[in-house]
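Here's the structure, in structure tokens; my notes come after.
The values are calculated or read from the model by the stated rules, or taken from the named source; none is laboratory data. Quantities reported herein were computed from a predicted structural model and do not represent experimental measurements. So basically every Cβ, Gly included, is an ideal-geometry build from the backbone, and we count neighbours across all protein chains shown.
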Amino acid sequence: MSTETLATTKVGDLLPRIDHLYVSARSSFDPLPADRYDEKLPSGMTLREVLAHLAAWEETVPPRVAAVLATGKDTYEREDLSDIDAFNAKVSAETKDTPIDDLKARLARSHEAIVALVRSLEGREIPELAKKVIEWNTTEHYPDHFGDLGAAIKTAKDLAMTVNAGWINFRLALMSLGMAVLDERTSTGWTYRELAAHAAGWEDLAATRLGRFRATGETNDPGGTADEINARLVGAAKGKSGRETLADLDAAHTRLVREVDQLTPEQIKASDGWAIAVVAGNSYGHYGEHHTELFSAVPRRPAQLLERMREGWRPFRRAVARSGLRRLSDTTSAGWTAKAMLSHLAYWLESLDRSLPYRLKGERGPIPDVQAENDREQAASASRPASEVIKRLDDAYAKLVKIVENLPADEDIHFMAIRLIAGESYGHFFEHLPEIESWMPQNKADVLARYDAVWNEFRGRLREVGRARLLDPTPSGWSYRDMCAHAANWLQQAVNELGGATKRWNAELIQKENERAVAAHKLVGAEAMLDELDTSAKRMRETIASIPDDQILDPKTFGIVGFYSYLHWEEHLHEDLGASY
């Protein structure tokens, strides 16, 4: 088929179409057991032969397209590809003993080469024949074998695993975007949040249809055109937060898998595989349809990944700081203590040392016993001081930042590594943020209540120390009087800054201010020191009470209100006054 043509074209939407079919096919191949690959399928081929066959034909594309670009002719005949049966038999014979994982890797490589080729052609006028060579071996080839892929699915477990094989990368890619990106526009014009709502809606609809099919045998339609349903789904998502939309997506997926799990082998094959077609079209085939659109926003370079990490870390770490040390021993909405949750987060950040080297190479690496590790961290957290738990979390996060900063700045990171880093850092922070977010002050009344509660404990423990022991050393090494001078000074500083005399602090200036306050009170007696502390606390409370409710939680204002008073006292309650947090 040596063809010469003057017609030209552009690749257009070829890459999304190729990715759609490849991702859908891989979702079918990947979860099936190895012994399924040598069973004869309706076409007469085995799954092994289909896998090798797809890869082999894709491998012919780059040199053939290069020839078309150079000469206007395909090398189909010259490379002895015209005898299709002979070529297929040769591929089958060569791969009859090849490990299945090696065949999957070969298909992945051939697909990556096709993707690189198409991207190199984007925006260019190319011979129409070059585009046809790509299509013949990708978008027009994969559908030829979907019947075989469907026939290889025999049980509910097979189908559920196929659904989840596609879901994992789709869901992790959404998670890797970070919350700030969910409302950005995709290449097709809607937002990533709307894309998630769209996927959730179709999975939920598929679950409903499967339930009716199981009960009645009815192969029902979805209840409207695709455009009508899409408009309805996107409209229903308006006003929902990213968190709510992702929760809807997870709930719809869980419902779909639950429905799939209840199908009998007979129902899976009934009506020419209607159930498989509905599930594929609304789950793993659907994920593939949006693969290029979604993955174009996945952070690929270290700088992009660091940006997402920081976007996720800041609100989480702020919530931890604003909750304070005292509350970290309390039980969260998830049923464990905040200390246990933070220990859990720190451990999985630390675990990246072991798993990330494999993921950077695209390998799975060792599979940990997740539940056992979580249980161990939860048990150990009870005896750890809250300050130690927070330091461990800070250190683990700082170490990950350094690891990512040291990756080659101009090279893409393998998605296996991206999804791991995202999953154990900003995606993980996002997952657990609601557990402590509700503990953060919501208004001035909350701030004052926390202020009063911690002040009463702080002052009460000072009374236990007594005036006579105010010059004794505290466990952290200074005297109780010096600690009181230090606390009073920061309350006075807070009142001044809230009144407009703001200052910019760094570690060096803070240390100098602490030394100045202690030195200034060296000749102050015990009773006068406690009176000054009480007066400073009273004035600070009056100042907080005067702040308008809509300003109290402003980050700059709260940074003075909380961190100069009750969050500060909690540190000294633990370090100097015997409180066990």
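The table below lists the values:
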| read-out | value |
| --- | --- |
| Checking E508 against (1) assigned to a helix (DSSP H, G or I); (2) under 22 Å from Y451 (Cβ atoms); (3) without any contact (Cβ under 8 Å) to a residue 12 or more places away in the chain, the condition it does not meet | (2) |
| Positions within the range 85-102 being among the small types (G, A, S) and surrounded by 13 or more Cβ atoms within 10 Å (Cβ to Cβ), in sequence order | S92 |
| Filter result for the condition that a residue is touching an Asp or Glu at 6+ places or on another chain (Cβ under 6 Å) and touching a residue at least 24 places away in the same chain (Cβ under 8 Å), over T8, T60, T95, T46 | T8 |
| Residue check, I552 over 13 Å from C484 (Cα atoms), among the hydrophobic types (A, V, I, L, M, F, W, C) and not in a helix (DSSP H, G or I) | yes |
| Which numbered condition R310 fails, given (1) part of a helix (DSSP H, G or I); (2) of a type in the set (K, R); (3) closer than 27 Å to R26 by Cα | (3) |
| Residue within the range 319-326 that is without any contact (Cβ under 8 Å) to a residue 24 or more places away in the chain and either β-branched (V, I, T) or in the same structural domain as A200 (by TED's automatic domain parsing) (or both) present | no |
| Flag for T46 being under 30 Å from A156 (Cα atoms) and either among the charged types (D, E, K, R) or crowded, with 19+ Cβ neighbours inside 10 Å (or both) | yes |
| Qualifying residue in the range 184-198 (condition: part of a loop (DSSP other than H, G, I, E, B) and among the β-branched types (V, I, T)) | yes |
| Helices (runs of 4 or more DSSP H) fully within the range 341-450 counting 1 or more residues that are more than 18 Å from R318 (Cβ to Cβ) and polar (S, T, N, Q) | 352-360, 370-381 |
| Residues of the range 408-452 satisfying the condition of being among the small types (G, A, S) and touching a residue at least 24 places away in the same chain (Cβ under 8 Å) | A409, A417, A422, G423, S425, G427, S438 |
| Top-ranked residue of the range 521-541 - restricted to ones that are out of contact with any helix residue (DSSP H, G or I) (no Cβ under 7 Å at 6 or more places or on another chain) and assigned to a helix (DSSP H, G or I), ranked as farthest from H568 (Cα to Cα) | A528 |
| Matching entry among A528, A494, A545, A517 (being more than 41 Å from the chain's Cα centre (by Cα), over 19 Å from G460 (Cβ atoms), in the same structural domain as V465 (by TED's automatic domain parsing) and in contact (Cβ under 8 Å) with a residue 24 or more places away in the chain) | A517 |
| Any pair with Cβ under 8 angstrom, 6 or more apart, that starts in the range 232-253 at a residue that is farther than 20 Å from A206 by Cα and ends at one that is loosely packed, with under 14 Cβ neighbours inside 10 Å and modelled with pLDDT of 90 or more | G242/D183; R243/P434 |
| Positions within the range 558-581 being of a type in the set (S, T, N, Q) and under 19 Å from W505 (Cβ atoms), in sequence order | S565 |
| Candidate set from the range 343-385 (those that are among the aliphatic types (A, V, I, L, M) and within 15 Å of E424 (Cβ to Cβ)); member that is surrounded by the fewest Cβ atoms within 10 Å (Cβ to Cβ) | I367 |
| Qualifying residue in the range 173-193 (condition: without any contact (Cβ under 8 Å) to a residue 12 or more places away in the chain, over 22 Å from R243 (Cα atoms) and assigned by TED's automatic domain parsing to the domain that holds T245) | no |
| Matching option when the condition is touching a residue at least 40 places away in the same chain (Cβ under 8 Å), part of a helix (DSSP H, G or I), among the small types (G, A, S) and surrounded by 13 or more Cβ atoms within 10 Å (Cβ to Cβ), among A105, A130 | A130 |
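Residues checked against (1) loosely packed, with under 14 Cβ neighbours inside 10 Å; (2) in contact with a His (Cβ under 6 Å, 6 or more places away or on another chain); (3) part of a loop (DSSP other than H, G, I, E, B); (4) modelled with pLDDT of 95 or more:
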| position | (1), (2), (3), (4) |
| --- | --- |
| D204 | no, no, no, yes |
| G211 | no, no, no, yes |
| G223 | yes, no, yes, no |
| K240 | no, no, yes, no |
